[in-house]
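Okay, so here's the structure we're looking at.
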Amino acid sequence: MTVPSSKPFVLHVDDEPDDLTPWKDEVQSQGRIDIEVCHPQDVTEASLKKASLVLVDFKIEKWPERASALALALRPPNGLAVLATLQEKAHELDPKRPRAYTLYTAVIQDVARELVHQPYIVARAHNLEWIFEKSGVENPIVDRAHRVAALAGAVESLPKNWPGEDAASATGALDKWLALPDDALWRDAATREIRRCRPPIHEFAEHTQGIGVVRWALHKILPYPTFLIDEAHLAARLRVSLQSLRSVAESDEFAALFGAARYTGQLASFLGRRWWRAGVEHAIFEATTDSPGDLGTLHNVLKQVPGIEVQKALRLFPVLGKQFKTKDELASEDAVVEVCPDDWPPFADEAWALRIDLEDVPELKAIAVGDEH
């Protein structure tokens, strides 16, 4: 008798499945998910029904059956069209099962069309949870395997039936999914910050079987400075260099100060390290008890962390560069200008760019705020 696997199941659809053996081997070696890689012609109802995550290649060229179909509607031109069909079929097979729908591509510019090449922006434009790129990092296969597993696990961890009708139950479900610490002294502050970010925890969460919450986290929370902040925004808040913070972020000394504020909920490593903003502020207050919030006192405490480099600027700013990607540098107040991307959530901190970048980066110049630039 075969015992059903308790791991999340990923259905990966590609027109050349035999070429993805290294990818499949990497996924299986990590041991976090089960995966099936198949040609679109070979997708079965059984596999689609049990999938927590569906991943489809954008360019689907080797499909003889599609080429010979007489009706135009039977010839989906690419993976986006295939995904739309699979979404509807999966809903028909089991409307109560949450699933994430994602694209896999080496040509995100073709999928983005006129949009900036950010996966969370492009994914939302195409009614998807995410777009995985085939390259762009040091170990693309390993990194992508980790993130596919993390997203599949995040979907699988959703409540079986999202309790959207009861406010307390819906809030509790979100807090549990986010792993908001029960005993943290800053829990109430974090709760208020979460609510300001308008989590879709009622009728929309029910309608999407909780996937609306996953999409909110992927599209509106993790990419932006909200109740969670990334390395760049944490470095700016502490007035330390970004490079030095990255080098000490996993050290015991840094963890002693800010480890309790580290975000460990679903998708915690999906886009890199994140920290609870409320937890960071509480840690700063605790570290500067004699002079609450004093920058000099804070820096004296931080200097106990080997390798960290404090900065004398009163304010530091993370800045956006090409394709709205956060640059690997922080800037002083006199060097930045506020920008307002169309996609930027109103509940997130302001966005900034280097003033000198405006002439060289048209997408930044178009969204700069004010006339001084």
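Rule-based calculations on the coordinates, nothing more; no lab input. Please read all numbers here as calculations on a predicted model, not as lab measurements. Backbone-built Cβ (ideal geometry, glycine too); neighbour counts: all protein chains shown.
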(request) Note down the relative contact order for the stretch 28-89 as a percent, whole number, built from C-alpha pairs under 8 angstrom at least six residues apart. (result) 28
(request) Enter the Cα centre distance for the pair the stretch 137-194 and the stretch 96-127, rounded to the nearest angstrom. (result) 21
(request) Just report the Cα centroid separation between the stretch 64-79 and the stretch 295-345, whole Å. (result) 50
(request) Binning at 10 Å from 0, report for the stretch 238-373 what percent of all alpha-carbon pair distances ends up in each bin. (result) 11, 35, 34, 18, 2
(message) I'd like the trypsin sites (Lys or Arg not before Pro) in the stretch 66-164 restricted to DSSP loop residues with at most 12 other Cβ atoms within 10 Å, sorted by number.
(response) 96, 113, 160
(message) Let me spell out the model: positive unit charges on the Cβ of Lys and Arg, negative unit charges on the Cβ of Asp and Glu, origin at the Cα centre of the chain. What dipole size does that give, in debye rounded to 20?
(response) 600
(request) Just name one of 139, 44, 67: the one whose Cα is farthest towards the positive end of the charge dipole of the stretch 9-156 (beta-carbon charges, Lys/Arg +1, Asp/Glu -1). (result) 44
(request) Choose one of 367, 321, 356: the residue whose Cα lies farthest towards the positive end of the charge dipole of the stretch 314-373 (beta-carbon charges +1 Lys, Arg; -1 Asp, Glu; about the Cα centre). (result) 321
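Rounded to the nearest 0.05, what FRET efficiency do residue 270 and residue 350 have when you use their Cβ-Cβ distance and R0 = 22 Å?
0.40
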(request) For residue 312, go through the lysines and keep the ones whose alpha-carbon is under 16 Å away, minus same-chain ones fewer than eight residues off. (result) 303
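Out of the GluC sites (Glu not before Pro) in the stretch 35-137, which ones are loop residues according to DSSP with at most 11 other C-beta atoms within 10 Å?
Within the stretch 35-137, the qualifying GluC sites (Glu not before Pro) (loop, at most 11 other Cβ atoms within 10 Å) are 61, 114.
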(message) 5 Å is the cut-off here: which amide hydrogens, built 1.01 Å from N in the peptide plane, fall below it relative to residue 53, excluding neighbours closer than 5 in sequence?
(response) 9, 11, 100
(request) Answer rounded, prolate or oblate for the chain, using the Cα gyration tensor with square roots of eigenvalues a ≥ b ≥ c: rounded when a/c is under 1.5, else prolate when a/b is larger than b/c, else oblate. (result) prolate
(message) Per residue of the stretch 294-299, what does 6.51 cos²θ - 1.76 cosθ + 1.60 with θ = phi - 60° give for ³J(HN,Hα)? Whole Hz please, x for Gly and Pro, Karplus curve as stated.
(response) 5, 5, x, 5, 4, 5
(request) Please get the size of the charge dipole for the stretch 167-221, origin at its Cα centre, with Cβ charges of +1 on Lys and Arg and -1 on Asp and Glu, quoted in debye to the nearest 20. (result) 260
(message) I need to check one value: relative contact order of the stretch 241-373, counting alpha carbon pairs closer than 8 Å and at least 6 residues apart, in percent.
(response) 20
(request) Rounded to the nearest 500, what is the 222 nm mean residue ellipticity of the chain from helices alone, with -39500 (n - 2.57) per DSSP H run of 4+ residues and division by all residues? (result) -10500 deg cm²/dmol
(request) Could you name the aspartates and glutamates whose alpha carbon sits less than 16 Å from that of residue 327, not counting residues in the same chain fewer than 8 places away? (result) 230, 231, 338, 350, 357, 360, 363
(request) Rounded to the nearest 10 degrees, what's the angle between the helix 277-287 long axis and the longest principal axis of the chain, both from Cα atoms, 0 to 90? (result) 30
(request) Would you please report the Å³ per residue occupied by the convex hull of the alpha carbon atoms in the stretch 24-170? (result) 151
(request) Would you list, by chain and number, the lysines whose Cα falls below 25 Å from the Cα of residue 96, excluding same-chain residues fewer than 8 positions away? (result) 7, 49, 50, 160, 176, 220
(request) Would you work out the charge dipole size for the stretch 17-93 about its Cα centre, treating the Cβ of every Lys and Arg as +1 and the Cβ of every Asp and Glu as -1, and quote it to the nearest 20 debye? (result) 220
(request) Would you kindly calculate the mean projected area, averaged across all directions, of the convex hull enclosing the Cα atoms of the stretch 1-57, in square nanometres? (result) 4.3
(message) Compute the helix-to-body angle for 21-30: its Cα long axis versus the longest principal axis of the chain, expressed 0 to 90° and rounded to tens.
(response) 50
(message) Just want to confirm a number: the relative contact order over the chain, from Cα pairs under 8 angstrom separated by 6+ residues, in percent.
(response) 12
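Quick one: 197, 38, 340, fewest Cβ neighbours within 10 Å first, how do they rank?
Listing 197, 38, 340 from fewest to most nearby Cβ atoms yields 340, 38, 197.
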(request) Just name one of 292, 174, 81: the one whose Cα is farthest towards the positive end of the charge dipole of the chain (beta-carbon charges, Lys/Arg +1, Asp/Glu -1). (result) 174
